[in-house]
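**Q** Submitted below is the structure of interest, expressed as structure tokens.
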Amino acid sequence: MMGDSVAAELLKLRSLRSSWVVLAASVLAIAAGGVLAVLITADFDGSSLERRATFDSADMSVVIIPLLALVTASVAAAVFTGEYGSGLIRTTLTGVPSRRKLFAAKTLVVGLVAFALGQVVSFALFGLTLAAVGDRPAPIAPWTSAAAGVPSAVASGSIIAVVCLLALGLGAVVRSTAGTLVTVAVLLYVVPGLAAFLPAAVSDWVFALWLLNLAPQMVGGDGSLLSPVGAVAVAVGYAVVPLGCGWFLFSRRDA
Amino acid sequence: MIQVLELTKRYGRTTAVDALTFTVRPGQVTGFLGANGSGKSTTMRAVLGLDAPTSGRALVDGRLYRSFPRPLHHVGALLDAGAVHGGRSARMHLRCLARTNGIGPRRVSEVLDLVGLAAVADRRVGGFSLGMRQRLGIAAALLGDPGVLLFDEPVNGLDPEGIRWIRELMRELAGEGRTVLVSSHLMSEMALTADHLVVIGRGRLITEASMAELAERFRRDVLVSTPDSVGLGAALRAVGATVSSEVDGLAVVGLSPTEIGDLAHRAGFAVHGLVQRTATLEDAYLDLTDDSTEYRAGSRR
């Protein structure tokens, strides 16, 4: 009766205001990405040829996805931590005494919802960027053709799912929302800053393995240290290792 | 039926439950009595498969709780009224739990009605009083119409009307042939609700008895008022009774009021009052737990 548990977890997610806040934030993020793409394109059009050569691409997912990742992670973390905070986890476990089933249901729901959300946001940004850039050349055009941008959109959207599963697993380990989110924030935003103080050989690798640097490497972007398969494997590791630790403790600890 | 068999639970070096064995039978309300921290909640969590026992077992209808695919149809539990997400409505809180066991929204409405929360069903639980949360917890326990019910301190936070309601509900549930286990640290509460008592102290079984047996066991003495305490006292002692003087008369142990009355009549003493005194259940409980405390303190040193 795995279906019952999955349906219940979906119902729980749906019935919390924070889930809808995240959805609203996602819509806002898409709109902000679209506006930024239009602005940077207009700036590009008004610039000299020399300045145009140094422009960044108009792909705003680079800015939007990392920010949205933390917002979505706050909901994903609370899937466990929210229940531990009040003791609700005990009530839940009286309904679903099989911990394997409960853990699987939570993982499935968070993984699928976060993946879908990430893809929707990522493809919306992709579409808006294409529309804003039109037939302008590189560097403002992030991709040589629309088709060439699809893998990149899939990759950057999937990071949302990775971060959410990481937060879910970590939440099962730490059992505190604040602790989980601080850890996620450090991984997302602080690690590259610290890596800058390390010797170049080390910091290059830290940077290559950094969570938010995996999406471009998945599609073989410029300066990739990891192969696409390697980058996907590292991304999977970011989700699977915390989930494994979470499961190990969740299956053994008293509730 | 709930069977607790040689259940032991240790947390680090603390023993919360120590080789506890008792059975909770259907058709009566069984009170689970013990001071705060005596191991009642730990035992209940072990029955529900939430805490893994260090050794021993706890079975519901002969099975481990975890072996029920849809346990809410067999067992209902109120553990902690605070275990809710304040952001959900009462109805949604119950629907989420019900859904895990394939129970539909109609049953959710029914139990909300049953516990008197229908009017506030769609309000956020965060604004509920402790009493309303207790009712919500009871609604959750009743969702699957289970044959076995566990309530951990259900009257906490309830107003007098709520307390009477829950007493009647528990009696009703037991009357329908269900197994009802209710924990409390208050003997006075149990005296009004329970037919049978399981008393524990420091994780150990102190006594398991029916309410009537317990009252019988703690029948104390007979208070005799007489103008001639010295004379009657000597006469009673002469037939083997233990007699001590009190302000109101003589406290006599070892003879029934009838025997004392007959004896006084034959010996020509006037008797102004003859009262069988029974320890209140509250006193009985304190006596019982005092023993366990002394025993524990002694054994540790």
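The values are calculated or read from the model by the stated rules, or taken from the named source; none is laboratory data. Computed from a predicted structure; not experimentally measured. Glycine also receives a Cβ, built like all others from the backbone with ideal geometry; neighbour counts cover every protein chain displayed. Surface accessibility is based on the protein's heavy atoms, side chains included, excluding ligands, DNA and RNA. Shrake-Rupley method; radii C 1.70, N 1.55, O 1.52, S 1.80 Å.
**Q** In segment B:215-231, which residues have a backbone nitrogen under 18 Å from the label point lying 7 Å from residue B:262's Cα in the Cα-to-Cβ direction?
**A** B:222
**Q** Over chain A, what percent of the accessible surface lies on carbon and sulfur atoms, probe 1.4 Å?
**A** Answer for chain A: carbon and sulfur cover 73 percent of the accessible area.
**Q** Which residues, if any, in segment A:93-109 lose at least 40 square angstrom of accessible heavy-atom surface (probe 1.4 Å) when the other protein chains sit next to their chain rather than the chain being alone?
**A** In segment A:93-109, residues shielded by partner chains: A:94, A:95, A:97, A:99.
**Q** So for the protein assembly as shown, taking the charge dipole from beta-carbon charges (+1 Lys/Arg, -1 Asp/Glu), which of A:26, A:131, B:227 sits furthest toward the positive end?
**A** A:131
**Q** Just want the answer: with Cβ charges of +1 for Lys and Arg and -1 for Asp and Glu, which residue in A:171, B:197, B:257 is farthest toward the dipole's positive end in the protein assembly as shown?
**A** Checked the options; the winner is A:171.
**Q** Starting from the 7 Å offset along Cα-to-Cβ, what nm value, one decimal, do you get for the label separation of residue B:248 and residue A:189?
**A** Using points 7 Å along Cα→Cβ, the separation is 7.4 nm.
**Q** Nearest 100 Å² is fine: what is the total accessible surface buried where chains B and A meet, probe 1.4 Å?
**A** For chain B against chain A, roughly 2500 Å² becomes buried.
**Q** Ok, one more. Kindly rank A:42-51, A:19-28 from highest to lowest mean number of other beta carbons found within 10 Å of each residue.
**A** Highest mean packing first, the order is A:19-28, A:42-51.
**Q** Could you provide, to the nearest whole Å², the per residue accessible area of segment B:219-278 with probe 1.4 Å?
**A** Averaged over the residues of segment B:219-278, the accessible area is 57 Å².
**Q** Now a separate question. Which order do A:247, B:165, A:205 take when ranked by solvent-accessible area (1.4 Å probe, heavy atoms of all protein chains), largest first?
**A** Ranking A:247, B:165, A:205 by accessible area, largest first, yields A:205, A:247, B:165.
**Q** So what are the ³J(HN,Hα) numbers for segment B:258-273, from phi and the Karplus equation (6.51, -1.76, 1.60; θ = phi - 60°), rounded to whole Hz, Gly and Pro as x?
**A** With coefficients 6.51, -1.76 and 1.60, one gets 4, 4, 5, x, 4, 4, 5, 4, 4, 7, x, 8, 7, 10, 9, x Hz.
**Q** Using the heavy atoms of the protein chains and a 1.4 angstrom probe, tell me the accessible area per residue for chain A in square angstrom.
**A** 44
**Q** What accessible area per residue, rounded to a whole number of Å², is obtained for segment B:2-215 using a probe radius of 1.4 Å?
**A** Counting only protein heavy atoms, the per-residue value for segment B:2-215 is 39 Å².
**Q** Under 8 Å for C-alpha pairs, at least 6 residues apart: give me the relative contact order for chain A, rounded to a whole percent.
**A** Relative contact order for chain A comes out at 24 percent.
**Q** Tell me, what is the percent relative contact order of segment B:2-215, built from C-alpha pairs under 8 Å that lie six or more residues apart?
**A** Computed over segment B:2-215, the figure is 32 percent.
**Q** Which log10 I(q)/I(0) values does segment B:75-171 give at q = 0.10, 0.16, 0.23 Å⁻¹ under the Debye formula, counting every alpha carbon as one identical point scatterer?
**A** Normalising to I(0) and taking log10 leaves -0.22, -0.58, -1.28.
**Q** Let's test the formula: R0 of 41 Å, r as the Cβ-Cβ distance of residue B:161 and residue A:248. What FRET efficiency results, to the nearest 0.05?
**A** 0.30
**Q** Given a 1.4 Å probe and every protein chain left where it sits, what share in percent of the accessible area of segment B:2-215 is carbon and sulfur?
**A** Carbon-and-sulfur percentage of accessible area, whole number: 48.
**Q** Could you tell me how many degrees, from 0 to 90 and to the nearest 10, lie between the Cα long axis of helix A:61-86 and the main elongation axis, the longest principal axis, of the Cα atoms of chain A?
**A** Here the helix axis deviates by roughly 10 degrees.
**Q** Carbon and sulfur together cover what percent of the accessible area of segment B:219-278 at a 1.4 Å probe radius?
**A** 53
**Q** For a protection proxy built on the mean count of beta-carbon atoms within 10 angstrom, sort A:100-110, A:31-41 highest first, please.
**A** Going from most to least packed, we get A:100-110, A:31-41.
**Q** How far apart, in nm, are two points set 7 Å out from the Cα along the Cα-to-Cβ line at residue A:42 and at residue B:129?
**A** With each label point 7 Å from Cα toward Cβ, the separation is 5.9 nm.
**Q** Quick one: if you stick a label point 7 Å off each Cα along the C-beta vector at residue B:106 and residue B:70, how many nm between them?
**A** Here the modelled spin labels are 1.4 nm apart.
**Q** Quick check of the Kirkwood formula: for the protein assembly as shown, what is the inverse mean of 1/r over all pairs of different Cα atoms, in Å?
**A** For the protein assembly as shown, inverting the mean 1/r across all distinct Cα pairs yields 28.2 Å.
**Q** Can you give the net charge of the other residues whose Cβ lies under 9 Å from the Cβ of residue A:251, counting K and R as +1 and D and E as -1?
**A** Here the count lands on +4.
**Q** Whole-Å semi-axes of chain A's equivalent ellipsoid, largest first, each the root of 5 times a Cα gyration tensor eigenvalue?
**A** They are 36, 21, 15 Å, listed largest first.
**Q** Return the average number of partner chain Cβ atoms within 10 angstrom of each residue Cβ along peptide A:3-15.
**A** Mean partner-chain Cβ count within 10 Å for A:3-15: 5.
**Q** For chain B, with equal point scatterers placed on the C-alpha atoms only and solvent neglected, what are the log10 I(q)/I(0) values from the Debye formula at q = 0.14 1/Å, to two decimals?
**A** -1.01
**Q** Right, something else. Can you give the Rg/Rh ratio of segment B:219-278, where Rg is from the C-alpha atoms and Rh is the Kirkwood radius?
**A** Looking at segment B:219-278, the ratio lands at 0.89.
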